C-alpha cells in the first residue's frame, strides 16, 4: 500500500525545520488529535534512535512510537501507532531539503500492511497538522 505523502515548503532552514518538527512537535500538534485534548500538554521526542515518542497528557505519558532515524537537518523517522494497534505500527518519515531560501519538507506516513492497512483511511488530516507545523516554522 502506498504511503500518505505530502510536501510542504516552510519559511526556515532545513536545520531549523528539523528542530521545529521534532523538538517542537508538542507546540504545533493539534490537541484535538490526542486521546484527551483537554489534558494535552505536549509531545516528547527524544533526540536518539530507539527513544520513545510520547504524548504528554497532564501527568500521564503515553507512548505512540519510537524514533528510527535522527539525522538533524536531513531526516527524521519513527514508528507510529497513535489510534492504532501498537503490535502493527505504521511509520513516519520526514526529509528536509533547503531549496531557494525555504525548506522543502517531504512527509510520508507509510508502513501500511495487511495487518494495519484498514487504519490508513483515518489519517487524512495530515495537511491540517502540516499547516500548523509550517506556521510554527514561520513563527506565527
Taking only Cα atoms of region 4-138, the Rg to Rh ratio with Kirkwood Rh works out at 0.94
Relative contact order as a percentage, the chain, C-alpha pairs under 8 Å and 6+ apart, gives 31
Reduced to Cα centres, the span from region 27-51 to region 97-140 in Å works out to 15
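Let's test the formula: R0 of 22 Å, r as the Cβ-Cβ distance of residue 52 and residue 75. What FRET efficiency results, to the nearest 0.05?
0.70
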In nm², the average projected area of the convex hull spanned by the Cα atoms of region 64-140 is 5.7
Log10 I(q)/I(0) at q = 0.17, 0.23, 0.25, 0.29 Å⁻¹ for region 39-102, from Debye over equal alpha-carbon scatterers, is -0.64, -0.95, -1.04, -1.19
Label model pair residue 98, residue 30: point-to-point distance (7 angstrom along the Cα→beta-carbon line) in nm is 3.2
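Rule-based calculations on the coordinates, nothing more; no lab input. Everything quoted here is computed from the prediction, not taken from an experiment. All Cβ positions, even for glycine, are placed from backbone atoms using ideal geometry, and neighbour counts span all protein chains on display.
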